[in-house]
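Remarks on the structure that follows.
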Amino acid sequence: MATTAPTGSPLSQPSLTHPPPQRKLTTVKALSESPGLSSIPSIYTFPKQTYHEPVSDTKETIPTIDFCLLTSSHPDQRSKTIRELGIACRDWGFFMVTNHGVPERMMKAIIEVCREFFELPEEEKRGIGGKHVLHPIRFGTSFNESVDEILCWRDYVKIFQHPEFHSPNKPPSFREIALEYSKRVRLVAREIIRGISESLGLEKDYIDETLNLENGLQLIVANLYPPCPQPELAMGLPPHSDHGLLTLLIQNQIGGLQVQHKGKWVNIDPIPNSFLANIGDHIEILSNGKYKSVLHRAVVNNRDVRISIAVPHGPALDAVVSPASKLVENVGNPPAYGAMKYKEYLELQQGTMLNGKSCLERIRNGV
């Protein structure tokens, strides 16, 4: 029921390593709708001390970047906004993006069609796509259900949008809505990445050209977090950073995202009709640690369904990512990360449990 990549494309050639046998798990949506469910199975219970630290009461607000000013034809306005973007990347790793030009109707449409997807019968969703990280359409539960020791209170569908576009066949309107949305969001992301490049003192198109963003990977990742009878025990997603360069996220009106800032967890309440942006592990690598990808997590509640739509943007799959040479030329600033193909990093991350920034730590100092 899913489209497949053309024969010979990089997306149709997953690694020959054999994944471990899949456990037969129900989706969290089906579990949450079980009659009389008052407690969660133990496999969904996270250790309290490790994963449920208190939330900060900070009055600091997440930075906001005005996309119109970032793309302004007035040099002074643009330069000021690029400086603000650099500060946001350095101090938070997260920022809101306003005045981005993607219509609100389009943002609402992608949330609604993803909700319709999750409403499909379980057997139809389970029949979609593969399990390998390079399969262009994947539906599942938790993060990586084949290796997760504790399961996340989350169902998801991940769909490659670029360099080749893919879509499930149902709902019928998914293809048109996703194609339009992903194209518009990709334009926004590439402009922000150009701004990040300049904020690092690099040429405007350095990241774009060095990592071949013309063929860069773009996904739609739709997350469903159903109501949980014991939200204090479960996690939608445990603390983690994102692979890639930049993720742009929207959600329905239900909160649940928390970001680690100055060692404490901060609730993020997005501005309506805005994107929540965060830099990924590969900006940290390229910047040689000047900008760091930031841990974030999804918490759940016992009342409402939360839907979030994340659109990660990464290098081309075959691009080798390493610290920019201009940022490591000084003797006192040696490369802090080893070089690795983006595709190999994805496979490394998918082969392990979601655990903070463990994948990034494995290539720090070339280890």
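The values are calculated or read from the model by the stated rules, or taken from the named source; none is laboratory data. What you are looking at is a predicted structure, and each value in this text was computed from that prediction instead of being measured. Because the Cβ atoms are built from the backbone with ideal geometry, glycine has one as well, and the counts that use them run over all protein chains shown. Note: accessible area is taken over every heavy atom of the protein model, side chains too, but ligands, DNA and RNA are not part of it. Shrake-Rupley method; radii C 1.70, N 1.55, O 1.52, S 1.80 Å.
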Can you tell me how many residues within region 61-84 are farther than 16 Å from Arg194 by Cβ, open to solvent by 60 Å² or more (accessible area, probe 1.4 Å) and either of a type in the set (Val, Ile, Thr) or outside any helix (DSSP H, G or I) (or both)?
3
Can you name every residue in region 97-110 that is of a type in the set (A, V, I, L, M, F, W, C) and crowded, with 20+ Cβ neighbours inside 10 Å?
Val97, Val102, Met107, Ile110
Counting only residues that are part of a helix (DSSP H, G or I), open to solvent by less than 40 Å² (accessible area, probe 1.4 Å) and not basic (Lys, Arg), how many does region 184-208 have?
11
Here the residues within region 111-156 that are among the small types (Gly, Ala, Ser) and surrounded by fewer than 18 Cβ atoms within 10 Å (Cβ to Cβ) are Gly127, Gly130, Ser146
Checking Pro168 against (1) closer than 25 Å to Gly130 by Cα; (2) crowded, with 21+ Cβ neighbours inside 10 Å; (3) touching a Leu at 6+ places or on another chain (Cβ under 7 Å), the condition it does not meet:
(3)
Within region 209-217, identify whether any single residue is under 22 Å from the mean Cα position of the chain (by Cα) and either at pLDDT below 95 or within 23 Å of Val55 (Cβ to Cβ) (or both), and answer yes or no.
no
List the number of the failed condition for Gln77; all other conditions in (1) under 30 Å from Glu344 (Cα atoms); (2) at pLDDT 95 or above hold.
(1)
Exception for Ile159 within (1) in a helix (DSSP H, G or I); (2) open to solvent by less than 30 Å² (accessible area, probe 1.4 Å); (3) touching a helix residue (DSSP H, G or I) at 6+ places or on another chain (Cβ under 8 Å) falls at (1)
Give me the pairs, please: first residue somewhere in region 113-130 and part of a loop (DSSP other than H, G, I, E, B), second residue anywhere and crowded, with 20+ Cβ neighbours inside 10 Å and aromatic (Phe, Trp, Tyr), beta-carbon distance under 8 Å, and either six or more positions apart or on two chains.
Ile128/Phe139
Is it fair to say Pro227 is outside any loop (DSSP other than H, G, I, E, B) and open to solvent by 10 Å² or more (accessible area, probe 1.4 Å)?
no
Name the residue, out of Asn301, Asn330, that is open to solvent by less than 40 Å² (accessible area, probe 1.4 Å), among the polar types (S, T, N, Q) and farther than 24 Å from Arg184 by Cβ.
Asn301
Filter result for the condition that a residue is within 30 Å of Pro315 (Cβ to Cβ), at pLDDT below 95 and under 24 Å from the mean Cα position of the chain (by Cα), over Leu70, Leu16, Leu11, Leu25
Leu11
Here are some residues: Asn252, Asn267, Asn288, Asn215. Which one is on the phi > 0 side of the Ramachandran plot and surrounded by fewer than 22 Cβ atoms within 10 Å (Cβ to Cβ)?
Asn288
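Do we find a residue being within 12 Å of the chain's Cα centre (by Cα), more than 22 Å from Asp304 (Cβ to Cβ) and of a type in the set (S, T, N, Q) anywhere in region 266-285?
yes
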How many residues are surrounded by 19 or more Cβ atoms within 10 Å (Cβ to Cβ) and either under 19 Å from the mean Cα position of the chain (by Cα) or not hydrophobic (A, V, I, L, M, F, W, C) (or both) if we restrict to region 171-183?
3
